[in-house]
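For reference, the structure discussed in these notes is given below.
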Amino acid sequence: MATDDSVHPEARGLEVVIRTAPMPADANGNGDIFGGWILSHMDIAAGVLAAKRAQGRVATVAIDAMTFLKPVYIGDLLSIYGEVVGVGRTSIKVRLETWVERQRRRDGSLTARQSMRVTEGTFVMVAIDEEGRPRVVPEA
């Protein structure tokens, strides 16, 4: 699933779904942002895209792939980009990339702003009805 880091996701047609900044409470003792914090934001982003396509409620049923490529630090601006890559009878597959804009080195000193891909993953969501049972995804 690796992508070309020289081409920003928006240039490849991916939609920005979430943009946020990690805070000190989201970091471990070394100043790295917890992978679970990033994963939870990616899960939300997958849900946003899948719910739009499903025209209603969805739930996560699987994460087909998840790769942490580089650490995320306090002060990074985190952006999650995604696209729907598959639709089944009740399921929707969403591919996500997380990028950061980084202007500070780990020691806190300023550097030229850099944009880099830090994670990527593929989430499988299922469309659900009011009782939480799978339902058919409507035609696009």
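If we sort 51-64, 18-31 on the protection proxy, mean other Cβ atoms within 10 Å, highest first, what's the order? Intermediate results must be reported in sequence, preceding the final value.
Numbers: 51-64: 15.6, 18-31: 12.6.
Going by the mean number of other Cβ atoms within 10 Å, highest first, we get 51-64, 18-31.
Given Cβ point charges of +1 (Lys, Arg) and -1 (Asp, Glu) and nothing else, what value in debye, to the nearest 20, does the dipole of the chain about its Cα centre take?
Numbers: 17 positive and 18 negative charges, 19 e Å.
Here the chain has a charge dipole of around 100 debye.
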Nonlocal amide H pairs with Ile63, under 5 Å, H built at 1.01 Å:
Val124
Can you tell which of Leu69, Val87, Ala25 lies farthest toward the positive end of the dipole of segment 9-127, using +1 and -1 charges on the Cβ of basic and acidic side chains (Lys, Arg; Asp, Glu)?
Val87
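Give, rounded to the nearest 20 debye, the magnitude of the charge dipole that segment 45-107 has about its Cα centre when Lys and Arg contribute +1 at Cβ and Asp and Glu contribute -1 at Cβ. Let's see the in-between values first.
Details: 11 positive and 6 negative charges, 21 e Å.
In debye, rounded to 20, segment 45-107 gives about 100.
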Extended-chain gain in nm, criterion 0.36 nm per residue less alpha-carbon gap, Val85 and Glu130:
13.7 nm
For the chain, what are Rg and Dmax over the alpha carbons, in angstrom?
16.2, 52
Taking Cα pairs under 8 Å and at least six residues apart, what relative contact order does the chain come out at, in percent?
28
So if R0 is 22 Å, what FRET efficiency would Glu101 and Ile44 give, r being the distance between their Cβ atoms, rounded to the nearest 0.05?
0.65
Point-to-point label distance, Thr60-Ser6, nm (Cα→Cβ direction, 7 Å offset)
3.4
A chain fully extended from Lys70 to Ser115 at 0.36 nm per residue, minus the present Cα-Cα distance, gains in nm 15.0 nm
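Bear in mind these aren't lab numbers, they're just calculated from the coordinates by the rules spelled out. None of these values were measured; they are calculated from a predicted model. Cβ: placed from backbone, ideal geometry, glycine included. Neighbour counts: every protein chain shown.
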